[in-house]
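Just below is one structure, and these are the notes that go with it.
The values are calculated or read from the model by the stated rules, or taken from the named source; none is laboratory data. Remember, it's a predicted structure, so these values are computed and weren't measured experimentally. A quick note on method: Cβ atoms are made from the backbone with ideal geometry, for glycine too, and the neighbour counts reach across all protein chains shown. Accessible surface is based on the protein model in full, side chains and every heavy atom, while ligands, DNA and RNA are left aside. Shrake-Rupley method; radii C 1.70, N 1.55, O 1.52, S 1.80 Å.
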Amino acid sequence: MTKQHQQQLLLLSLMFLVAVAAAAVAADPQQVQQQQQQPQMRMSSMARSLLQPPKPDCPSSCSVRCGNNWKNEMCNKMCNVCCNKCSCVPPGTGQDTRYLCPCYDTMVNPHTGKLKCP
């Protein structure tokens with residue numbers, strides 16, 4: 001099993017567990033009522049950051065992605081723009097992994113209609 005398939009399987013497993021947990025909470029109205037009666041606690045920024053995927057190191061990720069590109073400087077520039085907007089960079093140097101980052105994969109230049117991200 002490739003690393004890509006493992007990542008996809010892990011993501012699907014996590015989504016399934018979240019859905020099951022949400023269904024369990026919704027199925028017990030007494031528990032929901034008790035939670036509503038408790039004082040609301042503010043979620044710290046650290047707790048919030050645990051729920052969000054880590055932002056990639058765009059310069060190093062793009063350096064790897066553009067390593068074999070003959071227009072290295074332009075590739076790095078556009079890759080960093082895409083990375084900062086999408087918060088992800090597909091692994092490797094080929095076009096076959098673009099689908100792993102849908103935002104990166106579908107971003108187009110509004111003037112030319114061509115793909116923006118290398």
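How much accessible area does residue 5 have with a 1.4 Å probe, in Å² rounded to the nearest 10?
100
Say R0 is 22 Å: what FRET efficiency, to the nearest 0.05, do residue 96 and residue 17 get from their beta-carbon distance?
Calculated value: 0.15.
Of the cross-linked pairs 3/116; 55/114; 85/116; 55/85, which ones have a Cα-Cα span greater than 18 Å in the structure shown?
Pairs exceeding 18 Å: 3/116; 55/114.
Can you give me the distance in nm between label points at residue 9 and residue 71, each placed 7 Å from the Cα along the Cα-to-Cβ direction?
That separation, rounded to one decimal, is 3.9 nm.
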